[in-house]
Amino acid sequence: MCRISPIVLVPMGVAALVAAPLEVSDRPAGPDEIGYRPADGEVVRLNPPALTWLVDREARRWTVQWSTDPEFHTPVTAADLPFNVYVDARPWSPGRYYWRYRFLTDDGRTSTWSRVRSFVVPPDAVPFPMPTRAEQRARLPRGHPRLFLRPEDLPRLRVLAEGREKAAFDALRAEADRYIAAGPTPEPTHLGSAHDKTDRERIRYWWPNREQALRACREAETIAFVHLITREPRYGEAARRWILHLASWDPDGPTNFRLNCEAAKVMLHRPARAYDWAWDTLTEPEREQVRRVMARRARDAWESGEVRHGVGHLERPYNSHGNRTWHKLAETAIAFYGEIPEAELWLDYAVHKFYAAYPVWSDEDGGWHEGLSYWGGYMAKAVWWCQVAETALGIEWWRKPFFSRVGDFALYMAPPGSPNMGFGDLSHGTPSRSWGGFMEYFLRRLNGTPAAVHAPQWRWWAEQWKLAEADGVLGFLYRARLPEAPPALPPTNLPPSRVFRGIGVASLHTSLLDSADDVHLLFKSSPFGSQSHGHNPQNSFQLNAYGEALLTTCVYRDLHGSAFHTRWAWSTRAHNAVLVNGEGQIPHSALSTGRVVSVRLTPRWDYVEGDAVGAYGGRLTRARRKILFHKPDVIVVCDDVAAPRPATYQFLLHALGPFRVDEQNARLELNRPRAGLTARYLSPVPLRFRQWDGYDPPPDRKFPNQWHVEASTIEPRSRVLMLAVLQPLRPGAAERWSVVERLDSSTAVGVRLRSSSETLCIGFRLADDGWARLGNREFDQPVMVWEE
């Protein structure tokens with residue numbers, strides 16, 4: 001008998017699809033993506049390093065391998081990873097490592113390996129292993145409290161509350177008594193939101209609803225903590241009442257996450273503190289009531305665009321709000337660990353976030369891309385995580401390089417008496433006294449750690465600004481649990497100028513001791529671009545002198561995303577920067593990048609050069625701004641700009657008062673109460689000047705007026721080399737450098753400055769490398785300074 005086997009015909013396309021392996025894309029990182037870290041060939045600072053990669057569309061879990069040989073003959077493998085991040089739980093031996101990753105899909109398919117990348121762990125890398133999920137579970141206290149303190153801390157704290165810290169604790173008790181007498185702050189009744197910039201009714205209640213939620217939570221925290229220390233029934237009953245009151249607030253009402261994330265973020269984590277500290281006052285049905293609403297609020301955050309189920313934020317961490325939502329989610333995860341099923345996942349995400357992608361707006365010098373105002377706002381919240389991570393999980397957060405320099409940015413951006421705080425949203429003011437709370441924590445906790453060598457100078461800075469000490473529950477805990485802050489020392493041993501290279505900001509001073517005796521030039525050319533709250537354009541600068549804001553920037557904000565904010569404050573026109581054919585840089589974008597390409601800091605003069613060509617979206621083929629600050633009283637700005645076709649160029653300056661414009665001599669004069677300025681343009685072509693004031697469109701809030709001067713070339717040219725000489729002056733003083741001449745050659749451009757007693761020459765090389773000649777001087781550096 002002949003048996004005929006059945007034949008199954010498969011279309012060729014389907015067969016190819018089944019056979020084709022899944023491939024890791026290894027695509028280049030977008031400007032808003034974390035990319036592949038460490039960078040290929042990088043020498044890492046932390047041991048082990050955080051390995052990060054991009055997410056392929058079908059990926060759900062990952063496997064990563066590393067080896068000391070590029071062929072992976074003896075690899076180490078970590079599998080079934082929930083995030084696009086891996087940090088080992090143990091330090092690695094020094095040496096070169098090679099690593100790769102692959103992904104798994106929901107239906108069990110496995111991709112090919114990614115390309116191999118490498119990095120070097122040096123012998124002096126700082127040990128910083130990440131606790132595994134199992135280690136996190138083991139380290140957390142089984143009982144309560146878990147947030148900011150542990151059960152074993154209570155006996156000592158109770159003794160201190162009756163002894164050395166009695167006055168501080170009595171103040172907390174009195175505060176709790178006032179809250180109890182007044183009753184709980186009610187839930188907001190009006191819907192508030194800032195999503196629709198034209199809906200004034202909802203905008204009216206947006207921030208007040210956040211403040212109302214914060215008051216209610218502070219009441220609950222204070223009462224719960226007083227109960228925790230005293231165990232007195234009246235405080236326990238009040239704590240129970242407040243916790244249940246907060247649990248009764250509707251997650252779909254005025255504190256809903258999508259509607260008002262600011263109010264929702266308060267409710268995401270602050271009730272968890274009261275729950276943790278007064279856990280014993282609640283019955284099991286009452287705990288379930290609280291768990292139910294807190295789980296809902298946490299899930300709203302987890303699913304939001306700020307977290308995006310963890311992986312989404314870890315891949316795209318460059319959003320402002322997501323960089324504080326993660327640790328608030330962590331507080332709730334710790335308080336409800338073992339009670340809400342997802343708490344373990346939420347906490348593990350927060351730990352991965354901290355190790356691999358926090359802070360993201362910073363460099364290892366302590367800089368903060370979003371500016372000093374937002375540095376203060378975010379450090380005030382980051383200290384919560386620092387305390388919780390250490391007490392609950394044993395994480396030594398201070399080992400991250402940023403935290404060993406955490407106060408340097410403030411010291412250089414806003415010395416005592418500074419009229420403003422530099423770049424970034426809302427930096428037009430001065431440091432808030434409330435910053436003293438987080439500064440006190442950093443100073444106390446970092447005292448004695450070898451890395452934080454500038455802590456005495458940070459304390460001096462805080463005292464000069466008269467920042468307030470920490471108060472409330474955390475103030476009590478700081479004084480009860482932490483050492484004293486180091487003695488204050490003025491920064492006389494520090495260089496007066498500093499470049500925060502990772503964020504592309506140079507802060508150049510004559511003195512850090514007192515702004516009344518300081519000339520302060522700020523310059524920005526940032527690889528972060530103008531995204532988020534660091535919206536100032538590239539190659540822009542500011543100038544303060546003798547305690548006065550001379551050449552200012554626009555960091556005012558009536559409402560984030562308003563017409564004024566987006567069309568004026570975000571525009572290049574609002575800053576001391578350059579336009580081409582009246583057009584500026586790509587506004588408010590990670591694509592609008594710059595870079596600091598050259599720096600030289602000396603006792604007599606400072607030099608910084610920025611390249612902003614990437615910010616102009618093809619409008620320019622060259623955009624170099626070179627600044628020489630010869631201390632103490634002259635600044636020479638050299639703009640080397642070129643376009644793909646002949647264009648006009650506009651050079652902008654801004655001030656808080658009107659300029660006196662002498663168009664014939666290309667000279668400006670500015671007089672302010674505590675300082676003045678002259679500006680002379682040494683242009684190779686005729687210039688047309690225009691001055692106006694105000695804002696277009698105007699803000700919805702009243703801000704100090706600004707005056708704007710535009711010096712524009714008239715005839716289109718492919719390239720222009722513009723020189724401007726700025727001389728800051730004390731009131732009533734005359735220019736020191738009364739004669740100013742332009743110098744040109746085929747390889748350099750410069751100025752000759754004459755005073756009554758000396759002659760100073762400054763030359764800028766036109767090419768990016770090689771030799772230049774100006775007059776009888778030859779030099780092979782970007783700049784040369786000499787006296788005749």
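The values are calculated or read from the model by the stated rules, or taken from the named source; none is laboratory data. It should be emphasised that the depicted structure is a prediction, and the values quoted were computed from it without experimental measurement. In this analysis, Cβ positions are derived from the backbone assuming ideal geometry, glycine residues included, and neighbour counts consider all displayed protein chains. Surface areas here come from the heavy atoms of the whole protein model, side chains and all, with no ligands, DNA or RNA. Shrake-Rupley method; radii C 1.70, N 1.55, O 1.52, S 1.80 Å.
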Restricting attention to region 321-344, does a residue exist that is in contact with a Gly (Cβ under 7 Å, 6 or more places away or on another chain), open to solvent by 10 Å² or more (accessible area, probe 1.4 Å) and in a helix (DSSP H, G or I)?
no
Out of (1) buried (at least 23 other Cβ atoms within 10 Å of the Cβ); (2) within 14 Å of residue 654 (Cα to Cα); (3) of a type in the set (Phe, Trp, Tyr), what's the single condition that is false for residue 568?
(1)
Filter result for the condition that a residue is within 28 Å of residue 181 (Cβ to Cβ), out of contact with any Phe, Trp or Tyr (no Cβ under 8 Å at 6 or more places or on another chain), surrounded by 15 or more Cβ atoms within 10 Å (Cβ to Cβ) and at pLDDT 95 or above, over 222, 230
230
Taking region 273-283 and the residues there that are assigned to a loop (DSSP other than H, G, I, E, B) and among the hydrophobic types (A, V, I, L, M, F, W, C), the one that is surrounded by the fewest Cβ atoms within 10 Å (Cβ to Cβ) would be 282
So how many residues does region 76-98 have that are within 17 Å of residue 126 (Cα to Cα) and either open to solvent by 60 Å² or more (accessible area, probe 1.4 Å) or in contact with a Cys (Cβ under 7 Å, 6 or more places away or on another chain) (or both)?
5
Search region 755-766 for residues that are farther than 8 Å from residue 786 by Cβ and free of Cβ contacts under 8 Å to residues at least 40 places away in the same chain and pair each with any residue that is part of a loop (DSSP other than H, G, I, E, B) and not polar (S, T, N, Q) when their beta-carbon atoms are under 7 Å apart and the residues are at least 6 apart or on different chains.
755/736; 755/737; 759/788; 765/782
Of the residues 142, 146, which single one is at pLDDT 95 or above, crowded, with 16+ Cβ neighbours inside 10 Å and out of contact with any Lys or Arg (no Cβ under 9 Å at 6 or more places or on another chain)?
146
If we scan region 356-364, do we find a residue that is touching a Gly at 6+ places or on another chain (Cβ under 6 Å), surrounded by fewer than 24 Cβ atoms within 10 Å (Cβ to Cβ) and in a loop (DSSP other than H, G, I, E, B)?
yes
If you take the residues of region 226-273 that are of a type in the set (Lys, Arg) and in contact with a helix residue (DSSP H, G or I) (Cβ under 6 Å, 6 or more places away or on another chain), which of them is farthest from residue 303 (Cα to Cα)?
240
Scanning region 672-715 residue by residue, those under 35 Å from the mean Cα position of the chain (by Cα), without any contact (Cβ under 8 Å) to a residue 40 or more places away in the chain and open to solvent by 20 Å² or more (accessible area, probe 1.4 Å) turn out to be 691, 692, 693, 702
Just checking: which of the strands (runs of 3 or more DSSP E) contained wholly in region 620-706 hold 1 or more residues that are touching a Leu at 6+ places or on another chain (Cβ under 9 Å) and closer than 23 Å to residue 525 by Cα?
622-630, 634-647, 649-655, 676-682
I'd like to check something: does region 257-271 contain any residue that is out of contact with any Lys or Arg (no Cβ under 9 Å at 6 or more places or on another chain) and among the β-branched types (Val, Ile, Thr)?
no
Of 104, 46, which residue is open to solvent by less than 60 Å² (accessible area, probe 1.4 Å) and under 30 Å from the mean Cα position of the chain (by Cα)?
46
Would you point out which residue out of 308, 270, 299 is closer than 24 Å to residue 141 by Cβ, open to solvent by 10 Å² or more (accessible area, probe 1.4 Å) and modelled with pLDDT of 95 or more?
270
Counted residues, region 284-310 - those being out of contact with any Pro (no Cβ under 8 Å at 6 or more places or on another chain) and part of a helix (DSSP H, G or I):
14
Qualifying positions in region 154-167 - closer than 20 Å to residue 384 by Cα and crowded, with 16+ Cβ neighbours inside 10 Å
157
Tell me which of these residue 469 doesn't satisfy, since it passes every other one: (1) open to solvent by 30 Å² or more (accessible area, probe 1.4 Å); (2) touching a residue at least 40 places away in the same chain (Cβ under 8 Å).
(2)
Among 398, 458, 435, the single one that is surrounded by 21 or more Cβ atoms within 10 Å (Cβ to Cβ) and either within 21 Å of the chain's Cα centre (by Cα) or aromatic (Phe, Trp, Tyr) (or both) is 458
